[in-house]
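Engineer: Sharing a structure with you now.
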Amino acid sequence: MSDQDAISPHGSQDPIGQANEFLVWAPLITQSGGGLHIFLPVLDRGLDAVVHRLNDGAYLALQVKGKTYLHSNEAPIAVYEKHLFTPDQLVIGTHLDGDRLGPFVLVADAATFEKKAARMMDRGRLMLVADMPIHPIPGHSWSEDLVPFEKLAERLGAVKLEPALGLEAEPVPDEDRLIGSWGELEVVRRLAFLEDCGLFRPFPDNETNEVLIRRLMTGSTIGIQVKTSQLSEPDARRTILVNRSNFAPAPTTFLVAVAWMMHERRFHEMCLVIPSEIIPSFAAIVGRNYELHFHPAGSNMPSRLDGYRIPLASLTDTFDRLLG
């Protein structure tokens with residue numbers, strides 16, 4: 001038993017596991033120079049995070065398992081089989097030594113983990129167990145899956161980003177930020193009804209996507225940027241501003257625009273769902289922003305955005321189809 005086990009009271013495994021995860025997330029950000037963005041689950045459905053790899057736009061599903069105690073030179077880790085959703089999902093195993101991680105971590109995709117792990121039953125659930133060595137041991141079946149901790153981001157395929165000058169974002173009033181958060185939460189609330197999907201929020205919130213939705217059993221993932229307009233009248237028109245400095249169009253990224261009815265204190269019945277790739281060709285460039293015009297109630301004047309205006313009530317079904 002390690003010192004951490006000796007001082008950890010009964011029932012403290014969950015906080016220790018959470019600390020272990022954050023000791024992984026922060027170095028992934030620093031090692032990659034911001035090239036890996038961490039998205040944490042709104043509700044734990046079996047994935048500890050989805051990582052957005054900016055150099056190629058890929059989304060990596062991660063499960064992190066840590067142990068504080070040792071058996072000889074091994075720290076056994078266990079994963080429920082039902083939480084390995086896709087073959088390319090990654091399992092990261094760590095040894096938590098006091099308040100820091102050990103020098104090596106295990107990184108294996110789900111296909112490898114299922115192939116090499118031992119099996120045991122836990123209250124009727126199949127559990128996969130790996131006797132993870134804390135350092136490479138010649139002949140040990142898991143030694144080839146160990147990675148020096150300082151090269152973890154490299155193992156995840158990150159290309160370290162060089163510092164770049166971006167356009168400074170305009171300051172946003174606190175009231176607008178608050179109402180903007182209502183819009184994000186409204187989108188999350190509606191998408192949560194897709195029972196076979198997981199929802200994730202960025203940590204920190206510094207990229208195009210403010211919400212990720214992932215179909216767990218297929219790995220299909222969509223990133224969403226949410227824009228919330230404020231309407232004083234139901235038929236009002238508003239301008240949507242998209243900061244160009246951190247906007248990265250991609251086939252898997254969409255913009256959702258909702259409108260908050262200020263006097264009625266509710267959201268308008270209509271919203272926009274726009275593929276991010278069309279925004280540069282549809283929008284005007286005004287200073288540091290892309291500019292789009294949002295008229296939730298519609299108009300007799302045709303607009304290029306009319307084809308992307310849908311009932312807010314159909315948002316769930318729309319993303320169900322987009323996920324395939």
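The values are calculated or read from the model by the stated rules, or taken from the named source; none is laboratory data. A quick note: this is a predicted structure, and the numbers were derived from the prediction, not measured. Using ideal geometry, Cβ is built from the backbone for each residue, glycine included, and neighbour counts are taken over all protein chains shown. Surface areas here come from the heavy atoms of the whole protein model, side chains and all, with no ligands, DNA or RNA. Shrake-Rupley method; radii C 1.70, N 1.55, O 1.52, S 1.80 Å.
Engineer: What number results when the radius of gyration of segment 20-152, computed over Cα atoms, is divided by 2.2 N^0.38 Å?
Structural biologist: It is 1.02.
Engineer: Quote the accessible area belonging to His263 in square angstrom, nearest 10, computed with a 1.4 Å probe and with ligands, DNA and RNA left uncounted.
Structural biologist: 150 Å²
Engineer: Taking R0 as 41 Å, what's the FRET efficiency between Glu162 and Ser314 from their Cβ-Cβ distance, rounded to 0.05?
Structural biologist: The computed FRET efficiency comes out at 0.45.
Engineer: By its C-alpha gyration tensor, with a ≥ b ≥ c as the square roots of the eigenvalues, how is segment 72-217 shaped: rounded for a/c under 1.5, else prolate for a/b larger than b/c, else oblate?
Structural biologist: Here segment 72-217 falls in the oblate category.
Engineer: Now for a different question. Report the label-to-label distance for Asp205 and Ala19 in nanometres (one decimal), using points 7 Å from each Cα along the Cα→Cβ vector.
Structural biologist: Roughly 2.8 nm, to one decimal.
Engineer: Follow-up question, since we're still on this one. Could I get the Rg over Rh figure for segment 178-324? Both from C-alpha atoms, Rh via Kirkwood, rounded to two places.
Structural biologist: Ratio of gyration radius to Kirkwood radius: 0.94.
Engineer: Just the number please: accessible area per residue for the chain, 1.4 Å probe, all protein chains included, in Å².
Structural biologist: Accessible area per residue: 50 Å².
Engineer: What is the sum of charges around Pro136, taking Lys and Arg as +1, Asp and Glu as -1, for the other residues whose C-beta is under 11 Å from the C-beta of Pro136?
Structural biologist: -2
Engineer: Here is a further query. Each label point is 7 Å from the Cα along the Cα-to-Cβ direction; what then is the distance between the points at Ser232 and Lys115, in nm?
Structural biologist: Result for the modelled spin labels: 6.5 nm.
Engineer: To continue, here is another question. Could you order the peptides 212-223, 39-50 from most to least packed, using the average number of other C-beta atoms within 10 Å per residue?
Structural biologist: Peptide ranking by packing, descending: 212-223, 39-50.
Engineer: Also, quick follow-up: Principal axis extents for segment 64-131, Cα atoms only, whole Å, descending order, please.
Structural biologist: Its Cα atoms span 31, 26, 18 Å along the three principal axes.
Engineer: Would you mind telling me the share, in percent, of accessible area of segment 241-324 contributed by carbon and sulfur at probe 1.4 angstrom?
Structural biologist: 54 percent
Engineer: Can you compute the modelled spin-label distance between Ser143 and Asp44, with each label point 7 Å from Cα toward Cβ, in nm?
Structural biologist: In this crude spin-label approximation the distance works out to 3.4 nm.
Engineer: Quick one: helix 174-191 against the long Cα principal axis of the chain, what's the angle to the nearest 10°, folded into 0 to 90?
Structural biologist: Rounded to the nearest ten degrees, it is 70.
Engineer: Which FRET efficiency value, to the nearest 0.05, do you get for Ile285 and Arg100 by plugging their Cβ-Cβ distance into 1/(1 + (r/R0)^6) with R0 = 51 Å?
Structural biologist: The value I calculate is 0.60.
Engineer: Let me check I've understood the local charge: for Glu186, count other residues with C-beta under 13 angstrom from its C-beta, Lys and Arg +1, Asp and Glu -1. What total comes out?
Structural biologist: Value of the local net charge: +2.
Engineer: While we're here: Applying a 10 Å radius around every beta-carbon, put 286-296, 233-243 in order of their mean neighbour count, most first.
Structural biologist: Ranked by mean Cβ neighbours within 10 Å, highest first: 286-296, 233-243.
Engineer: Sorted from largest to smallest, which semi-axis lengths in Å does the alpha carbon gyration tensor of the chain give for its equivalent ellipsoid, taking the root of 5 times each eigenvalue?
Structural biologist: 43, 20, 18
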